[in-house]
1. Among (1) of a type in the set (A, V, I, L, M); (2) at pLDDT 65 or above; (3) over 23 Å from the mean Cα position of the chain (by Cα), there is one condition B:Met1 misses while meeting the rest; what is its number?
2. Every residue in region A:78-112 that is under 30 Å from B:Arg74 (Cα atoms), among the charged types (D, E, K, R) and within 14 Å of the chain's Cα centre (by Cα), please.
3. Kindly indicate whether B:Met48 is at pLDDT below 80 and within 14 Å of chain A (Cβ to nearest Cβ).
4. Give, as residue ranges, the helices (runs of 4 or more DSSP H) completely inside region B:70-139 that count at least 3 residues that are within 14 Å of chain A (Cβ to nearest Cβ) and either in contact with a Pro (Cβ under 7 Å, 6 or more places away or on another chain) or at pLDDT 75 or above (or both).
5. Among the residues of region B:20-40, is there at least one that is touching a helix residue (DSSP H, G or I) at 6+ places or on another chain (Cβ under 7 Å) and modelled with pLDDT under 75?
Amino acid sequence: MSKKDSANNVHIEKIDEIDQIIHSPSRLKILIVLAEVVKADFTFLVLTTGLTRGNLSANLRKLEEVGYITIEKSFVNRVSRSMIQLTDHGMMALKSYQADMQMIIDALLSELGS
Amino acid sequence: MNTIDSHKKLETELKKRAFLTFHNDGIIDILMGWDLVVIGVSLYLHNMSPLTAFIGLGPLLFYGLLKYEITLPRLGHAQFRMHRSFSVWLIGAVGGVFLLAAVISGIFIRSSSWFVGPISFALMGIAFTMVLITGFNRILAYAILIPLFFIVGFGLKFLSPEMIMATGGILMVVGIWMLVKFLRTHPIQAEEDDLV
């Protein structure tokens with residue numbers, strides 16, 4: 001196997017290591033929005049991501065389970081409001097995901113170019 | 001485009017979208033329209049006084065409360081990172097000076113013909129401080145253009161009390177139409193319907 005082939009195999013294997021929690025269009029949208037704000041409430045995320053309320057809720061729970069976000073519930077005028085914030089762990093995971101995807105895409109482009 | 005640039009672009013895009021939808025409720029249009037109607041009526045009746053200024057500008061004090069009660073429950077709330085540069089702080093400080101000038105000149109105003117001073121100061125002050133509050137530099141262009149139009153209009157004498165009243169009336173009608181549309185498009189949905 002040539003050096004180039006083994007390099008490409010490394011990148012193909014990298015695909016298996018991609019964070020499957022982040023590697024979902026819905027959750028990626030959520031994390032990208034949260035990465036750009038300090039915190040946001042549920043309604044803001046619904047409007048910004050375009051996800052349905054049920055879909056957003058399910059994905060938020062999943063992200064909270066792995067510690068990528070925190071959800072603070074409070075009551076404003078007797079109506080519950082959830083404020084969602086990206087954790088440091090979540091930010092690191094997102095950056096790592098970005099780096100992995102960039103590596104894979106660069107390898108693919110290099111392969112297509114050769 | 002490198003990572004930092006794309007982050008900045010996305011943040012600006014989110015802020016712009018949030019800012020524009022935040023003002024689709026028509027509230028600022030209703031309040032500004034009301035101000036213009038009061039100014040127009042006061043000029044027409046030759047009765048500019050601190051009382052008329054209070055009647056005109058007083059409802060602006062409820063702007064925050066109206067946003068909190070009407071807009072935020074429907075659009076949601078996000079706290080953006082506010083990177084305020086020195087120039088934005090400087091603009092805000094200039095706005096504060098204009099507002100102070102508006103208050104002081106408004107207290108000492110004796111003749112309707114000198115109203116241009118306090119009103120211009122107030123408009124510039126509000127617009128400049130909005131740049132500081134929102135961190136949205138684009139408002140600066142409007143902050144300069146709108147008061148300039150006001151001053152030039154009176155300087156060149158093409159603005160009359162009737163025209164100001166009519167403009168204010170139209171703004172209020174547009175604002176009310178926007179508010180009705182906004183309330184229909186964004187009903188409040190209680191979070192307890194959701195699973196979070």
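The values are calculated or read from the model by the stated rules, or taken from the named source; none is laboratory data. On a predicted model such as this, the values are computed, not experimentally measured, just so you know. Every residue, glycine among them, receives a Cβ derived from its backbone with ideal geometry; neighbour counts consider all protein chains shown.
1. Every condition holds for B:Met1 apart from (2).
2. A:Asp88
3. no
4. By residue number, B:72-75.
5. There is at least one residue in region B:20-40 that is touching a helix residue (DSSP H, G or I) at 6+ places or on another chain (Cβ under 7 Å) and modelled with pLDDT under 75.
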